[in-house]
Amino acid sequence: MKRTASRTGILAALVGLAVTALTAVASPAQAAPVEHRGADTAAEARAVAAYWTPERMRSAVPIEQLVKAPNLSLKDVAKGESTIIQSIPNGGGAWTGAGKVVQTAGRVFFTMGGRNASCSGDAVTSANGSVVITAGHCVKYQGAWHTNWTFAPGYDNGNTPYGTWTAKSTLTTPQWEASEDMNYDVGAAVVNPLNGQKLTDVVGAQGIAFNQARNQSMYTFGYPAAAPYDGTKLIYCSGSTFTDFLLTKDHGMNCNMTGGSSGGPWFLNFSEATGAGVQASVNSFGYNFLPGYMFGPYFGTDAQNLYNRAQAA
């Protein structure tokens, strides 16, 4: 890894941890997504499901409490053909509406370094009916894949109305796997069937979009668990987005969600009436000197390759 600068205290993950260095790492344009096997037997899936009691879910800490500062590189994300598979500004508040999003969005739980942690995720349309999209750091961090990975769609204060779905495998982009490049902080999970049914047969699925125009209005959702939030409710932000002009090429939005919201979906063309949209990013990080703003990676060709690998698994 080529170290190009050292700037302690410039950028933070969602809980305000300082960056120690910027990196410039060549990103393989068409490298394959990286996959890790999870609970891929019935016995392992039962063990993971049994592990996540309501008490463990409530006590899981936001992953941002366990991570260090991310690597950043000021470069654009590879683009391909525009593909879609099928407001009123709000800086952060409880989603009081209904619709599809209260079923497809959920809380993610896993064990990292011996501690129970949480993120957010979203069920998307897929050939196998089993794909959850989240952030890269919600599946793998600092060379180690998270264990006991499970998804609780529609999570509500310890209640899991649609069950808990264990990961058969988790995946991330080659750039995140190689150097934790925040421009490619995208992850996915392929979850096991539950009671003989596939995930999207139970909760439905959101569309997903790649290589879309930047600087559009979007909605973002998640389960922030750091103050002033507690992880019990689905929170959302909405409004215009911009392209990060500082240390990444991520989308940016006025949003005060905190740790635990990582991996939650960003939607284009979101309908408040139906709770449906097309996902085009995930909650990723925030700058500690720019409070009230959230950033999420652009879904380009490498994110699309990750999705295609996941839906074929």
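The values are calculated or read from the model by the stated rules, or taken from the named source; none is laboratory data. Just so we're clear, the structure is a prediction, and the values are computed from it rather than from any experiment. Note that we place each Cβ from the backbone using ideal geometry, even for glycine, and neighbour counts take in every protein chain shown. Quick note on the areas: whole protein, heavy atoms, side chains included, nothing else; ligands and nucleic acids left out. Shrake-Rupley method; radii C 1.70, N 1.55, O 1.52, S 1.80 Å.
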Output the residues belonging to the range 19-56 that are among the hydrophobic types (A, V, I, L, M, F, W, C) and at pLDDT 50 or above.
Ala31, Ala32, Val34, Ala39, Ala42, Ala43, Ala45, Ala47, Val48, Ala49, Ala50, Trp52
For the range 180-223, which positions are assigned to a helix (DSSP H, G or I) and more than 19 Å from Asn283 (Cα to Cα)?
Leu199, Thr200, Asp201, Val202, Val203
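Out of everything in the range 139-179 that is polar (S, T, N, Q) and in a helix (DSSP H, G or I), what residue ends up being modelled with the highest pLDDT?
Gln175
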Within the range 181-188, is even one residue small (Gly, Ala, Ser) and open to solvent by less than 10 Å² (accessible area, probe 1.4 Å)?
yes
Output the number of the condition that Thr134 fails; it satisfies all remaining conditions of (1) touching a helix residue (DSSP H, G or I) at 6+ places or on another chain (Cβ under 9 Å); (2) buried (at least 24 other Cβ atoms within 10 Å of the Cβ).
(1)
Quick check on my filter: what residues within the range 221-248 are open to solvent by 70 Å² or more (accessible area, probe 1.4 Å), within 24 Å of Ala60 (Cβ to Cβ) and not small (Gly, Ala, Ser)?
Pro228, Asp230, Lys233
Please state which one of Ser238, Ser262, Ser217 is of a type in the set (Gly, Ala, Ser) and under 13 Å from the mean Cα position of the chain (by Cα).
Ser262
Among the residues of the range 212-220, is there at least one that is under 19 Å from Val108 (Cα atoms), buried (at least 17 other Cβ atoms within 10 Å of the Cβ) and modelled with pLDDT of 95 or more?
yes
Give the residues of the range 106-117 that are out of contact with any Pro (no Cβ under 6 Å at 6 or more places or on another chain), small (Gly, Ala, Ser) and assigned to a strand (DSSP E or B), sorted by residue number.
Ala117
How about the range 170-179: which of its residues are surrounded by fewer than 22 Cβ atoms within 10 Å (Cβ to Cβ) and among the hydroxyl-bearing types (Ser, Thr, Tyr)?
Ser179
Given the conditions (1) within 21 Å of Tyr51 (Cα to Cα); (2) surrounded by fewer than 24 Cβ atoms within 10 Å (Cβ to Cβ), and given that Asn128 satisfies all but one, which numbered condition is not satisfied?
(1)
Looking at the range 121-138, can you tell me whether even one residue there is in contact with a strand residue (DSSP E or B) (Cβ under 7 Å, 6 or more places away or on another chain) and assigned to a helix (DSSP H, G or I)?
yes
Do we have any residue at all in the range 249-264 that's in a loop (DSSP other than H, G, I, E, B), open to solvent by 10 Å² or more (accessible area, probe 1.4 Å) and more than 22 Å from Phe109 (Cα to Cα)?
yes
Within the range 126-156, how many residues are within 13 Å of Gly106 (Cβ to Cβ) and over 17 Å from the mean Cα position of the chain (by Cα)?
1
